[in-house]
C-alpha cells in the first residue's frame with residue numbers, strides 16, 4: 001500500500017462525510033418548503049427527518065456487517081451508488097410519500113457506506129494517535145458539509161430553484177466518489193491486521209527494551225553502592241593514597 005494510495009483513501013473518506021452532511025443537515029431548511037408545497041403540519045413534514053435518520057439507524061444496525069462480509073470497497077461503492085440513485089430520483093417526483101421513501105433510501109445508503117468507511121479507517125491506521133487524528137479530520141469535514149449544504153440550499157431557493165437540486169449536486173459528487181473508490185486499491189483486512197500486529201509487537205519490544213535498560217541501570221547503581229561501602233576512601237580501596245599520620 002503506497003503513501004499516494006493511502007492519501008486518496010483518506011481524501012475519499014473525508015469527502016464522503018462532507019457530502020452526506022450537506023444533505024442531512026439541510027433537512028431543517030427543506031421542511032418549511034415541504035409544508036408550503038403540500039400544506040402539511042409541522043409534525044407531518046417532520047417525517048422527512050425521521051425517514052432519513054431512521055434509514056441511517058436501520059442500516060447501521062442491520063447492514064453494518066456488510067463491510068466485513070463482502071469487503072470495504074464493494075460496500076462503499078454499493079452505498080454511494082444507492083445514495084446517488086435516490087438523489088437523482090428525487091428530482092423526478094412530486095409526491096410527499098415518494099419523497100419520504102427516497103429520503104429513507106438515501107438514509108440507508110448513508111448508513112451502508114458510513115459504517116464501511118469507519119471500518120476502513122481502522123484498516124489504514126497503525127496507531128491510536130493516527131486513528132484519533134483521522135477521526136478528528138473526518139469530524140472537521142462533516143462540519144464543513146453541515147455549513148456549505150444549507151448555504152448552497154439557501155442560494156438555490158433564493159434563485160427560485162427547487163430544494164431537489166441540492167440532492168442532484170450531492171448525487172453528482174457521489175458519482176465522482178464512486179469512480180474514485182472503484183479505481184483505488186484498498187488494504188485487505190488481513191494486511192491491516194498484520195500491520196497492527198507488527199506495530200503492537202514493536203511497541204512491546206520497545207517497552208521491554210526500555211524497561212530492561214532502566215532495570216539494568218538501577219542494578220548497576222545498586223551494585224556500585226554495595227561495592228563502595230563505607231571504606232571507599234580508605235587505603236584498602238586506594239592503595240596509593242597516603243593517610244596523614246597523627
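Where a number appears in this text, it was derived from the coordinates with a stated rule and is not lab data. Everything quoted here is computed from the prediction, not taken from an experiment. When we count neighbours, we look across all protein chains shown, and the Cβ atoms used for this are built from the backbone with ideal geometry, even at glycine.
Restricted to segment 87-97, and to residues there that are without any contact (Cβ under 8 Å) to a residue 40 or more places away in the chain and part of a helix (DSSP H, G or I), the residue that is nearest to residue 169 (Cα to Cα) is 89.
Consider segment 76-91 and keep the residues that are over 15 Å from the mean Cα position of the chain (by Cα) and under 23 Å from residue 135 (Cβ atoms). The one that is surrounded by the most Cβ atoms within 10 Å (Cβ to Cβ) is 80. Just one residue in the set 94, 5 is surrounded by fewer than 22 Cβ atoms within 10 Å (Cβ to Cβ), out of contact with any helix residue (DSSP H, G or I) (no Cβ under 7 Å at 6 or more places or on another chain) and closer than 23 Å to residue 177 by Cβ; that residue is 5.
For segment 98-124, residues that are farther than 27 Å from residue 37 by Cβ and touching a residue at least 60 places away in the same chain (Cβ under 8 Å) total 8.
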